[in-house]
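The values are calculated or read from the model by the stated rules, or taken from the named source; none is laboratory data. A quick note: this is a predicted structure, and the numbers were derived from the prediction, not measured. Note that we place each Cβ from the backbone using ideal geometry, even for glycine, and neighbour counts take in every protein chain shown. For accessibility, only protein heavy atoms count, side chains too; no ligands or nucleic acids. Shrake-Rupley method; radii C 1.70, N 1.55, O 1.52, S 1.80 Å.
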Amino acid sequence: MNTKERDKKYFGRGNEALDLKVTKAKGSLIYDEQGNKYIDFLGGAGVGSLGWGNEEIENEIRKNDRPAYVYPNFYYEPWTQLAKLLADLTPTHLTTSFRTTGGSEAVEAAMQMAMMYTGRKKFISVEGSYHGNTIASISLGASSKHSSFPNLLPGCEKIDLPLDDKALKTLEEKLKDHSLAGFIMEPVICNLGVVIPSSEFMEKLDNLCKQYGTLLIMDEAITGFGRTGKIFATEHFNIKPDMICMAKAMSAGHAGIGAVIITDEIANKVEEDVGLYSSYGWHPISVDASLVAINYLIEHKQQLFNNIKETGKFFEQQLKDINFNAETEIRIKGLAIGVDVKDQEYATQIRKRSLQHGLLMDTEGSSLVFFPALNIDIKTAKEGLEILEKSVEELNREN
Ligand SMILES: Cc1ncc(COP(=O)(O)O)c(C=O)c1O
């Protein structure tokens, strides 16, 4: 049996596999078994923020002398170092981090604590979004998905795009009965093809949540740790979220880890009862990986942020020049890049054809989405964009 056959027989997926058997990953390049090279604009959907196999990070992780495991109810110095680092990097009013193994668990933890703090049971989110794979986080996500268990958490509400005054009005109507524990969204909605809310919307949203006692929860699983040109995308706005969820780039792909950071006030009220025991939450390897990746991000911040700016501009210019079939909408915040080609089937065809030519990306509905490494160089970006252009031209000729 070869890999594909064994995968089909024994390996549970739930999502269709791309036709790529990975054998090596280096920087912004991925290689298959035959040694074919793929330019990686997918970045593991926001995980690979600092390039694959980043030697400085890998060597540093390898160096660390650590216990094989630490039981969650012991003291462990690196937990306090990581928690302190997260408190330093997030807005000052957020102080206490709870450990998780990833993003879904971070959202789940945020929901539990919001329920305990407010005494309310319902949540509201943006229709079509994605916040993870637990029953509760699925209830926040797209209503059309997972038809066998939609909204298992009763009373989850949604507001629809666009994020404008009408959406805020709908939101206020729902907030008015004081039954919503939390409003959760990505500050830049990567899972809807990189939707960038206006500052005005975000400020009004923050005010409304505060007015009605609903907690504002920012899910920064993808946007966190530099993706949008700020360490956290929340910083683009004049808002004061009650909680931030994070994962993915928290270890830049070196180990599974996540967190939710909350205010002192919420922590004081819920900490006694909340539990959130996690056998593998903040495993010593994951904590070291995260400390090293975050410290790398801090140390190289200026260089990385300059690169994000320059490369973001380059993507924008080049994408404008590609002859897509229809008028496109290009949405870029840092290196979170969405190109709405206005037709889901066309977007899928572009993704598949680009894969054949050696370029990796994702699609969300009718949008192509790119999350390249924050240190991708212009030469590699150019090479990838040329593959995209070639794929689009081929498809246009054939259709
Ligand atoms: C915004 C958002 N929240 C939560 C999650 C879930 O994270 P994880 O896959 O680490 O459970 C994801 C994953 O894609 C995500 O994009």
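Key figures for this structure:
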quantity: Wholly enclosed strands (runs of 3 or more DSSP E) of the stretch 17-118 bearing at least 3 residues touching a residue at least 24 places away in the same chain (Cβ under 8 Å), assigned by the TED database to the domain that holds residue 241 and crowded, with 16+ Cβ neighbours inside 10 Å; calculated: 94-100
quantity: Options 208, 276, 192: the member that is open to solvent by less than 50 Å² (accessible area, probe 1.4 Å), within 13 Å of the ligand (Cβ to nearest atom) and touching a Ser or Thr at 6+ places or on another chain (Cβ under 9 Å); calculated: 192
quantity: Test: residue in the stretch 249-267 that is farther than 30 Å from residue 65 by Cα, among the aliphatic types (A, V, I, L, M) and within 16 Å of the ligand (Cβ to nearest atom); calculated: no
quantity: Criterion violated by residue 353 - all others in (1) open to solvent by less than 60 Å² (accessible area, probe 1.4 Å); (2) under 24 Å from the mean Cα position of the chain (by Cα); (3) over 15 Å from residue 328 (Cα atoms) satisfied; calculated: (2)
quantity: Residues (at pLDDT 90 or above and touching a Leu at 6+ places or on another chain (Cβ under 8 Å)) located in the stretch 1-34; calculated: 20, 30, 32
quantity: Unique match (being over 29 Å from residue 45 (Cβ atoms), assigned by the TED database to the domain that holds residue 143 and more than 14 Å from the ligand (Cβ to nearest atom)) among 235, 172; calculated: 172
quantity: Counted residues, the stretch 33-57 - those being among the β-branched types (Val, Ile, Thr) and within 16 Å of the ligand (Cβ to nearest atom); calculated: 1
quantity: Long-range neighbours under 8 Å by Cβ, at least six apart or interchain, first residue in the same structural domain as residue 376 (by the TED database) within the stretch 243-258, second at pLDDT 95 or above and away from the ligand (no atom under 12 Å from the Cβ); calculated: none
quantity: Criterion (modelled with pLDDT of 95 or more, crowded, with 20+ Cβ neighbours inside 10 Å and away from the ligand (no atom under 13 Å from the Cβ)) met by exactly one of 202, 185; calculated: 202
quantity: Strands (runs of 3 or more DSSP E) (entirely within the stretch 151-252) containing at least 1 residues that are of a type in the set (D, E, K, R); calculated: 157-159, 215-219
